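First the structure, in the form of structure tokens, and then the observations on it.
The values are calculated or read from the model by the stated rules, or taken from the named source; none is laboratory data. Here the structure is a predicted model, which means the values were calculated and not measured. Cβ sites come from the backbone with ideal geometry, for glycine too, and all protein chains shown count toward neighbours.
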Amino acid sequence: MSKIIVVGQDLTLDWLKRRTKMFAEIERQTTQSLENPGTGLTLDHLQSVIEHKNPFPKVDEILLGWKLFYKELFELELDFANLVIPKRKKGFDRLIVVAKGMTPNKLFAKCKELFPVWKYADNLDTITSDRKADHDYVIWVRDRVEADEEMKNKSANSLKRDGIIGVTLEERLLYELKFFKETGKHLDIVNWTLCSGSRDSDDSVPSVYLFGVKVHVYWCRADFQGGNLRSRQVVS
């Protein structure tokens, strides 16, 4: 087969043809996304391509990453053979695996080992959540640094009334840990994630955001709403 020699590489014409087709498909899906928001490739997907990551990893690959995550950070050997995976919904591309026994205090303590943190109360385990970590379970959320723009100006009470499932504090802290291990960066640089799936004993709602260099766990009233306070919708 004919070859093209490039400095430091030995490329075949077949390889170049495959690359040409790949970039043509990227262009097609990007155009589709621009013309029809919510379809095709997103900027996050394109960034994954730039970083030589698979923008659409298979579930098995994602679960392997979570196994390694729990092994490294919590010294847990997990078996996901019987794990129930919710049906994937369009636009929800980030899989969060919550292992049995993950509590707010335990997750906050792990965050503290890796980066500066602050919390509004000494004991976060007074918080109760819609989904309990009494078994391993999985959720899908949108793969975004900032909390969902679709959820801005919606309080925890209004989200509950509208039947919108929101992220819990445990899920949000796990997302923070996983994202930090992947990138060395943090979530919610500008906005706050309203953990609308959780409530404290006084009915207040926890929130998580980056303030300066610290990840903060704060609280707000269940009826409070704002443009920068946004839940993360969950598929469970």
Quiz item: If you check every pair at least six apart or on different chains, which have Cβ atoms under 8 Å apart with a residue in segment 142-163 that is over 13 Å from R230 (Cα atoms) first and a residue that is in a helix (DSSP H, G or I) second?
Solution: D143/D44
Quiz item: Does any residue of segment 85-94 turn out to be modelled with pLDDT of 95 or more, touching a helix residue (DSSP H, G or I) at 6+ places or on another chain (Cβ under 8 Å) and either not in a loop (DSSP other than H, G, I, E, B) or not assigned by TED's automatic domain parsing to the domain that holds E146 (or both)?
Solution: yes
Quiz item: Say we look at segment 73-88 and pick out the residues that are farther than 29 Å from D200 by Cβ and in contact (Cβ under 8 Å) with a residue 60 or more places away in the chain; which of these is surrounded by the most Cβ atoms within 10 Å (Cβ to Cβ)?
Solution: R88
Practice problem: Report whether or not N105 is polar (S, T, N, Q), within 25 Å of G212 (Cα to Cα) and part of a loop (DSSP other than H, G, I, E, B). | Solution: no
Quiz prompt | Filter result for the condition that a residue is within 21 Å of V98 (Cα to Cα), within 13 Å of the chain's Cα centre (by Cα) and not β-branched (V, I, T), over S196, S236, S231, S207 | solution = S231
